[in-house]
Each structure stands twice: as structure tokens, then as C-alpha cells.
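Asker: Dropping a structure here in C-alpha cells format, bear with me for questions.
Every number here is computed from the coordinates shown, using simple stated rules; none is lab data. No experiment lies behind these values; they were computed from the predicted model shown. Here the Cβ positions follow ideal geometry from the backbone for every residue, glycine too, while neighbour counts run over all protein chains shown.
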Amino acid sequence: MVNELLNDDGTTNEYLHLLVGECENALDGDGTIPGGGGGGNECNPASPNADCDDDDILNKCDTDNPNYSSFDCDGDDVLNGVDACPNTEVLSGQVDPDGDGCWTDPVVDTCTINATDAGCSKYYLEGITGFTEVTTVGLPIFQLFLLGSGDSIGTATIQLSLTGYPVITILLNEGYSLNDYRIVVKDNLDSTEFCQSMNDVPPPSGDEPDAFLEFSETSGFTGNYFVKIETNACP
């Protein structure tokens, strides 16, 4: 390699000869001499923090690098080969629930139910914690039981509106009061869940039911669907 220099008089050229690369007694390039490949001929493409092709992209983020899939460009401990978001900055508190390298803010569940107060109990639709299938035939009336117990404290009437969204009415037996509830509905077992909850439910007035809910955001249910009801009630 030859670098052309001008003397102080600005007219006479001098030349600096450097041997770089594989020549005998050559210097090892360090990336400061043009053509050095971000490390000269000694640049290792397996080094993630080098830039062997001088394109201002580190090897670990350079899709042209033969080792790209084994690097971790964004430092999230998910290798580029399986990272669906290889250049995503991970912010504090974010989570990767699918393990695919795509980090998002955690989903906060705002549909919750209080712990049961002293002297009260938790009652479920048909006495089970999971979903109950509801048919569209007739007017389904279900019981609210203690878990695994046949002692009903009231009913839940579940039906579809004319536009296809679930309408749920809870009516407790005399002598019981509804403190809290959490109700989840979905069109089928693999579909999106819709949830409504209320804590410290006010007592009903007159002939009003203990709770009346309309899941209008789910319009379009046509066949059988699934409902889960959890309540805290006190004698």
C-alpha cells in the first residue's frame, strides 16, 4: 500500500510504503487504514462486535455475516436465528411471553376479584372453577354452589340478546348477599375471553337482581358458548 504525501513546500511528493496483510513483514491492519475490513485481513467474522465488511454494521447485526444466526444482535439472550425481533431494544419491565425475542409491556389483569371476607365463602357456577357450556335453547338457569358442594345459594340466568351477546342475571337466595364477582365468557373453548368483575357490590334495591351484566362487546355469538362465574357471598 502506498500513501502519497506532500512536503511542507506543497509541491514535492514523498511516498510512504506500508506492507499490510499477508506480505512478509507486513503490518496487521487495525481498521484505521482503508481496506482493512474492520480489522484488516485478520478480522474474524465469528467475532460479534467486529465489522468485517466495513459497512458500519457490527457482525452480530449484519445479515450478510455467515455467523449471523448464531449471534444475538439486540442482547436479549435470544439468538438471531430464532429471534423474530432481532433489533428490538428491551425496555425495563418488558416480558417475552412467547420466547420469540419480541418484548412487550406485561399485560395487567384488571378483571380481578377480592379475597373472601371472614365469614363468607366463594361460590361458582355449577360448583366448578372452570367454564360451563351454555346452550342457546330455552332459558338456561344455573345454580351457584360452593366448590364441589350441592348447597345452592342462588341462580345465574344466562341468555343471548337479540344481537348475540351474553346477558347474565344473578339472583341470590334470601339471607345471602353478593360481595364480589368475576365473570368470563367466550364463544368457544379456543376463542378470546371477555371478563367483567366488580368488588364491593352494592346491595340491590327493591326487586332488582344482585347483579345484571351485558357483554355487549361480544356481539355475534350464535351457537353454544362458555361462561365462568366466581362470586364471594355472605350469609
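Asker: I'd like the full set of residues that are polar (S, T, N, Q) and surrounded by 11 or more Cβ atoms within 10 Å (Cβ to Cβ), limited to region 126-142.
Answerer: Within region 126-142, Thr129, Thr132, Thr136 qualify.
Asker: Taking the residues in region 213-233 that are in contact with a strand residue (DSSP E or B) (Cβ under 8 Å, 6 or more places away or on another chain) and not in a strand (DSSP E or B) as candidates, determine which candidate is surrounded by the fewest Cβ atoms within 10 Å (Cβ to Cβ).
Answerer: So, considering only residues that are in contact with a strand residue (DSSP E or B) (Cβ under 8 Å, 6 or more places away or on another chain) and not in a strand (DSSP E or B), the one surrounded by the fewest Cβ atoms within 10 Å (Cβ to Cβ) is Glu217.
Asker: Which of the following residues is touching a strand residue (DSSP E or B) at 6+ places or on another chain (Cβ under 8 Å) and without any contact (Cβ under 8 Å) to a residue 12 or more places away in the chain: Glu208, Glu193?
Answerer: Glu193
Asker: Sticking with this structure for a sec: Residue by residue through region 49-72, note down the ones that are in contact with a Leu (Cβ under 8 Å, 6 or more places away or on another chain) and either of a type in the set (A, V, I, L, M) or surrounded by 19 or more Cβ atoms within 10 Å (Cβ to Cβ) (or both).
Answerer: Ala50, Asp51, Phe71
Asker: While we're looking at this one, here's another question. Would you say Ser149 is closer than 23 Å to Thr110 by Cα, in a loop (DSSP other than H, G, I, E, B) and of a type in the set (Ser, Thr, Tyr)? Spell out the reasoning first.
Answerer: Numbers: closer than 23 Å to Thr110 by Cα: no; in a loop (DSSP other than H, G, I, E, B): yes; of a type in the set (Ser, Thr, Tyr): yes.
Against the criterion (closer than 23 Å to Thr110 by Cα, in a loop (DSSP other than H, G, I, E, B) and of a type in the set (Ser, Thr, Tyr)), Ser149 does not qualify.
Yes/no matrix, rows are residues, columns are (1) closer than 28 Å to Phe226 by Cα; (2) of a type in the set (Ser, Thr, Tyr):
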residue	(1), (2)
Asp77	no, no
Val82	no, no
Asn87	no, no
Trp103	no, no
Asp109	yes, no
Thr112	yes, yes
Gly119	no, no
Tyr123	yes, yes
